Amino acid sequence: QVQVVESGGGLVQAGGSLRLSCVASGTFVIINNMGWYRQAPGRQRELVAGFSGGSTNTADSVKGRFTISRANEKNTIYLQMNSLKPEDTAVYYCKARFMIDYWGQGTQVTVSS
């Protein structure tokens, strides 16, 4: 059983920065497919940035502002978010795909104008 835990959300003013962390535990296998998603009120959950095999995908809406990185040996990924905008306000979820999808509980990011 894989457990996924996010941390690092909070309240920040527009233009500020936050760094999210996600740890997937419960396996010694390196999980290659991990990523960040977000869901704003009344909207569908969407991919923000993720690793899939050897490639990285980043949503157009955050390119140049958000950077995903990882520490393989710990099944840990990070999301550095700079130049935050009010429209980035959402619950941010981490997903790890290891045979099936495992989701974290989410962390709230609120950007005030």
Could you grab me the full set of residues in region 52-102 that are in contact with a Phe, Trp or Tyr (Cβ under 7 Å, 6 or more places away or on another chain), aliphatic (A, V, I, L, M) and in contact (Cβ under 8 Å) with a residue 60 or more places away in the chain? 79, 81, 96
Pull up region 40-80, narrow it to residues that are touching a Ser or Thr at 6+ places or on another chain (Cβ under 6 Å) and in a strand (DSSP E or B), then point me to the one that is nearest to residue 17 (Cα to Cα). 80
Can you tell me how many residues within region 11-21 are open to solvent by less than 30 Å² (accessible area, probe 1.4 Å) and outside any strand (DSSP E or B)? 1
On the basis of being modelled with pLDDT of 95 or more, over 12 Å from the mean Cα position of the chain (by Cα), buried (at least 18 other Cβ atoms within 10 Å of the Cβ) and not hydrophobic (A, V, I, L, M, F, W, C), does residue 89 make the cut? yes
Could you tell me whether region 22-31 includes any residue that is within 11 Å of the chain's Cα centre (by Cα) and assigned to a strand (DSSP E or B)? yes
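The values are calculated or read from the model by the stated rules, or taken from the named source; none is laboratory data. None of these values were measured; they are calculated from a predicted model. Because the Cβ atoms are built from the backbone with ideal geometry, glycine has one as well, and the counts that use them run over all protein chains shown. Surface areas here come from the heavy atoms of the whole protein model, side chains and all, with no ligands, DNA or RNA. Shrake-Rupley method; radii C 1.70, N 1.55, O 1.52, S 1.80 Å.
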